[in-house]
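**Q** Let me begin by handing over the structure; questions about it come next.
The values are calculated or read from the model by the stated rules, or taken from the named source; none is laboratory data. Keep in mind it's a predicted model, so treat the numbers as computed, not measured. Every residue, glycine as well, gets a Cβ built from its backbone with ideal geometry; the counts of neighbours run over all protein chains shown.
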Amino acid sequence: MTKELQIAKKLNIKETQVKEVLNLFEEEATIPFIARYRKERTGGLDEEQLRDIEITYNYLKLLEDRKETVLKSIEEQGKLTDELKQKILDADKLQEVEDLYLPYKPKRKTRGTMAKAKGLEPLADFIVSNPNFSGNFDEILEKYIDLEKGVKNKDEALKGAKDIIAEMISDNAEVRKEVREFLQSSSKIKSVKITKKETNPKSKKTDVYEIYHDFEIDITRIKPYQTLAINRGEREGFIKAGFSFDKDFLLDKIYKTHFNYHKTTFQEILEEVVTDSFNRLIYPSLEREVRNYLTELADEHAVEIFSSNLRQLLLQPPMMNKIIMGIDPGFVSGSKVAVIDKTGKYLEGETIYPHPPQKKMIAAKNTILNLVKKYNVDIIAIGNGTASRETELMVSEIIKDNNLNCHYLIVNEAGASVYSASPIAKQEFPDLEASQRGNISIARRVLDPLAELVKIDSKSIGVGLYQHDVDQKLLNKNLDDVVVSCVNYVGVDLNTASGSLLTYVSGLNKRIANNIVKYREKKGRFNNREELQNVSGVGEKLFEQAAGFLKISDGENPLDNTFIHPESYEATQKLLDLCNVSATAINENGQLVELFVKNKGLENIAQQINVGVPTLEDILENLSKPGRDPREDLPKPILRSDVLKIEDLEEGMTLKGTVRNVVDFGAFVDIGVKQDGLLHISEMANKFVKHPQEIVSVGDIVDVTIKSVDVAKNRIALSMK
């Protein structure tokens with residue numbers, strides 16, 4: 001079976017689609033480009049399907065390479081049979097290949113290899129191959145006593161034979177498969193508290209694993225976050241975890257799988273060997289393997305949730321054309337204030353000290369008031385870290401006492417300090433101290449969340465769970481894919497985008513992105529997309545991949561402000577000619593073009609202008625809404641002018657809130673008080689909810705009811721029922 005057919009069957013798509021996608025990958029086409037501009041070739045596959053094809057293809061290639069290596073190794077040993085070769089070639093998982101290779105894998109010095117060196121392998125074979133032996137076994141054993149080889153007596157001969165058989169059982173691919181599947185389906189995960197004597201006395205970490213001090217759950221029912229919590233608890237030395245299962249049943253299963261008979265003269269010996277093989281060789285390695293399997297599942301799930309949350313956060317609607325003040329609150333070192341204009345340009349900044357220990361509240365209020373009036377500030381963005389709610393109270397008083405026509409909102413400041421000390425921040429604000437850059441980032445996150453957050457390591461944005469525990473390579477790859485997807489979904493203004501943002505555009509890299517910025521600085525703004533080819537490093541292929549995602553507003557060609565690719569300009573012009581509409585008038589007449597095509601028929605018009613129906617549909621969508629930002633349809637952040645305290649909350653009160661984070665057991669919602677409330681999965685709907693993401697996403701504006709408030713513990717329980 002070809003790789004293409006294997007992928008098609010696994011992903012439930014056509015083999016021809018897979019072939020086209022792999023051909024496009026060979027042509028160095030990017031996933032965003034293929035998804036948007038090569039729908040005719042792929043049959044309209046989306047980005048997720050394209051990534052699945054890429055992942056599956058890479059796995060199959062790795063599997064093929066491993067099979068080749070294993071077959072070569074076994075053949076060099078002179079042990080490759082036709083049957084074994086076919087088994088290896090038929091294996092569809094790496095684990096199967098490794099299990100089949102195990103008996104032939106070069107081993108370090110083991111009890112079994114040492115016994116073989118003493119000439120005891122024939123004895124082991126005799127015990128296994130003669131179930132009906134009725135002679136004098138002592139006489140057989142005596143033949144293997146050899147002082148020169150180190151076999152001093154019959155007991156040592158038998159012991160060595162047992163060690164060889166134990167390894168034979170452990171190396172049996174079918175046995176390992178049986179044990180693995182049994183552990184993965186019929187065992188329980190159990191964790192217990194480690195006593196104080198066993199914990200590391202130097203550890204300063206607090207034990208937050210009380211729920212796992214005496215914990216047991218079927219392996220098929222364990223939640224990914226429980227796996228990750230147990231793993232972390234073990235690493236920090238507070239709990240021990242392992243499997244509990246019916247061991248006698250499993251030992252019997254191993255015996256029946258390995259030996260092709262049920263009764264033998266050597267029954268007692270072989271049962272003892274099976275137990276030894278399981279305890280010493282099979283279980284320790286498969287316990288690690290199954291724990292790793294659970295961790296991989298948990299990692300994949302956690303990364304999936306993190307990626308989904310990140311996507312929602314990056315696609316939060318921008319608050320364009322607003323003058324914004326950003327405040328990075330603090331106590332001892334003061335609160336940093338910055339004002340940016342409608343384009344994100346830094347105007348002015350100050351440090352104020354309204355909170356303890358300085359308590360210069362009046363001076364701080366005057367500074368903010370003067371900046372608001374001086375620059376006509378529309379929105380004040382307050383970071384949600386230390387002193388956030390105290391700063392919120394101060395800002396709300398300033399707005400109320402001075403009857404100001406501006407509002408404030410609380411912004412997730414995660415990663416702002418990372419940005420402050422980054423090379424990008426130093427390049428953007430070389431004359432400012434690191435402490436004065438975070439407040440600018442907070443303000444810009446409101447102006448255009450995507451443009452600002454791409455400058456920060458995605459892991460630092462804090463919209464996941466256990467992100468530092470999961471497979472970092474997997475996490476980085478997935479988060480990078482999300483950023484690339486979001487940037488190309490929204491599109492980028494070629495004349496205003498930062499180098500950081502341009503880096504994620506289809507076909508571009510850091511070097512080309514910097515070249516574009518340098519070109520702008522030297523030559524001025526781009527007037528049309530074709531000028532992009534004048535930039536150093538931008539060849540025909542790169543232009544093809546990137547051009548459609550790079551927009552130019554107020555340029556020479558109105559089509560440059562759409563997602564219509566330059567390769568489709570000729571077809572678009574033919575369409576406009578058919579409708580008697582000028583390209584300069586698409587803002588007013590785009591919907592008329594759509595109506596015209598609908599009346600004449602999509603396939604008919606597509607044929608006339610020589611494009612496929614999917615491309616025509618995309619052209620129509622862009623003509624009807626030229627320059628549209630796809631984020632416009634999402635709900636805008638909640639703007640506030642008055643503050644709410646946890647003490648003000650009462651059970652039954654209904655409030656609007658913003659979803660800040662979504663995890664397996666629920667969502668955390670900002671309802672305008674210091675502590676985010678927990679919306680548990682059981683309180684999300686009047687029906688069974690499999691996962692919170694079925695109901696809410698990061699950034700959603702939701703109506704919630706206060707279910708309970710614990711002021712002492714700073715806990716708020718919410719409901720959407």
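**Q** Given Val711, Val702, Val662, Val698, which one is among the aliphatic types (A, V, I, L, M) and surrounded by fewer than 17 Cβ atoms within 10 Å (Cβ to Cβ)?
**A** Val711
**Q** So, one more: Can you confirm whether region 391-406 contains a residue that is in contact (Cβ under 8 Å) with a residue 40 or more places away in the chain and closer than 30 Å to Val303 by Cβ?
**A** The answer is no, given that none of the residues of region 391-406 is in contact (Cβ under 8 Å) with a residue 40 or more places away in the chain and closer than 30 Å to Val303 by Cβ.
**Q** Can you tell me which residue is surrounded by the fewest Cβ atoms within 10 Å (Cβ to Cβ) among those in region 384-394 that are in a helix (DSSP H, G or I) and touching a Pro at 6+ places or on another chain (Cβ under 9 Å)?
**A** Per the criteria, the residue is Glu390.
**Q** Now for a separate question. So, in region 600-642, exactly how many residues are of a type in the set (Ser, Thr, Tyr), under 30 Å from Ala381 (Cβ atoms) and buried (at least 16 other Cβ atoms within 10 Å of the Cβ)?
**A** 0
**Q** Still on this structure, please answer the following. Filter region 109-120 down to the residues that are under 50 Å from the mean Cα position of the chain (by Cα) and of a type outside the set (Gly, Ala, Ser), then identify the one that is modelled with the lowest pLDDT.
**A** Lys109
**Q** With Thr265, Thr227, Thr199, Thr220 as the choices, which residue is at pLDDT 90 or above, more than 18 Å from Glu287 (Cα to Cα) and not basic (Lys, Arg)?
**A** None of the other options fit; the residue is Thr265.
**Q** Sticking with this structure for a sec: Since Val581 meets every condition but one in (1) in a helix (DSSP H, G or I); (2) farther than 30 Å from Ser498 by Cβ, which condition does it not meet?
**A** (1)
**Q** Related question: Determine which member of the set Glu397, Glu300 is surrounded by fewer than 20 Cβ atoms within 10 Å (Cβ to Cβ) and closer than 30 Å to Thr227 by Cβ.
**A** It is Glu300.
**Q** Separate question: Please return the ranges of strands (runs of 3 or more DSSP E) entirely within region 150-265 where 2 or more residues are over 29 Å from Leu102 (Cβ atoms).
**A** 188-193, 214-218
**Q** How about region 523-569: which of its residues are among the charged types (D, E, K, R), under 15 Å from Asn587 (Cβ atoms) and more than 32 Å from the chain's Cα centre (by Cα)?
**A** Passing the criteria: Asp554, Asp560.
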